[in-house]
Amino acid sequence: MCRHLGWLGRPRSLASLVLEPPSSLLVQSWAPRRQRYGTVNADGWGVGFFTPGRPGPARWRSARPLWAEPSFASVAPVLASGCVVAAVRSATVGMPLEESAAAPFTDGRWLLSHNGRVERGALPPVRDAESTVDSALLAALVFDRGLDALGATVREVAAADPAARLNLLAADGTRLLATTWGDTLSALVTAEGTALASEPWDDDPAWADLPDRSLVEVTPDGLTVTALTS
Ligand code: GLN
């Protein structure tokens, strides 16, 4: 199970989101605190973010561990964004080890990360997947169906593969959308913006654990959580 995070709010540096907190994604890449599946997240990482005046997201991914990326560590303090999706990867057994298998995936408009696993044969055929990894096929399906159908798509996939774990996190520059289906997700709502993360990046008591089987939406107006029933 990988770890992911999203941010919607005032622009902040990628370093402040991904590298600097005491239990940042960087630290979670070797010492996650709440991970139930897998022990380290050393099979790649990715950060996607939106910037004013550019219609689609910018994205930086790698198949290396996040701790082995001094160039990213050098640049991350001066890259800032108000809408970010980032992830570190622990590859599911049998899945390809390559940059294009690391989240976030994109259709040029949305960013999408997947924590979990799904039987690839249980998914309907998709076009334009970025990799043969289960998460890329799932991302292509979600993009195809449309993000407004995210909850329905997760329920459909879970019905086809009852053992699937389907924690998804998506962003389009104006909102974050997430699902919890089989793993953890926490939220931190502040005056500066809202973070969603597989696990809290620090011990701030304001972090709230979100219930499993939920659809989560973050807009500039706040956070809403809706039950997803199968
Ligand atoms: N199944 C996906 C992969 O292999 C995601 C794995 C995970 O969440 N650890 O990359």
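The chain has equivalent-ellipsoid semi-axes of 23, 20, 18 Å, by the square roots of 5 times the alpha carbon gyration tensor eigenvalues, sorted largest first.
When the solvent-accessible area of the chain is split by element, carbon and sulfur atoms take up 53 percent of it, the probe being 1.4 Å. Using the rule -39500 (n - 2.57) for each DSSP H run of four or more residues, divided by the residues of the chain, the 222 nm mean residue ellipticity is -4000 deg cm²/dmol.
The Cβ shell under 13 Å around residue 123 holds other residues with a net charge of -1, Lys and Arg each +1, Asp and Glu each -1. For the chain, a Gaussian network of Cα nodes joined below 10 Å ranks 101, 159, 15 by mean-square fluctuation, and the top entry is 159. Solvent exposure of the chain, expressed per residue, is 41 Å² of accessible area, with all protein chains present and a 1.4 angstrom probe.
Taking Lys and Arg as +1 and Asp and Glu as -1, the other residues whose beta-carbon sits under 13 Å from that of residue 207 total -3. Between the beta carbons of residue 229 and residue 120, assuming R0 = 25 Å, the FRET efficiency works out to 0.50 to the nearest 0.05. Short-range pairs are left out: with C-alpha atoms under 8 Å and at least six residues apart, the relative contact order of the chain is 22 percent.
The packing ranking of peptides 88-99, 213-224, highest mean first, is 88-99, 213-224, where packing means the average number of other beta carbon atoms within 10 angstrom of each residue.
The values are calculated or read from the model by the stated rules, or taken from the named source; none is laboratory data. This is a predicted model, so every value here is computed, not measured. A quick note on method: Cβ atoms are made from the backbone with ideal geometry, for glycine too, and the neighbour counts reach across all protein chains shown. The protein model used for the area step is the full one, side chains on, heavy atoms only, and it has no ligands, DNA or RNA in it. Shrake-Rupley method; radii C 1.70, N 1.55, O 1.52, S 1.80 Å.
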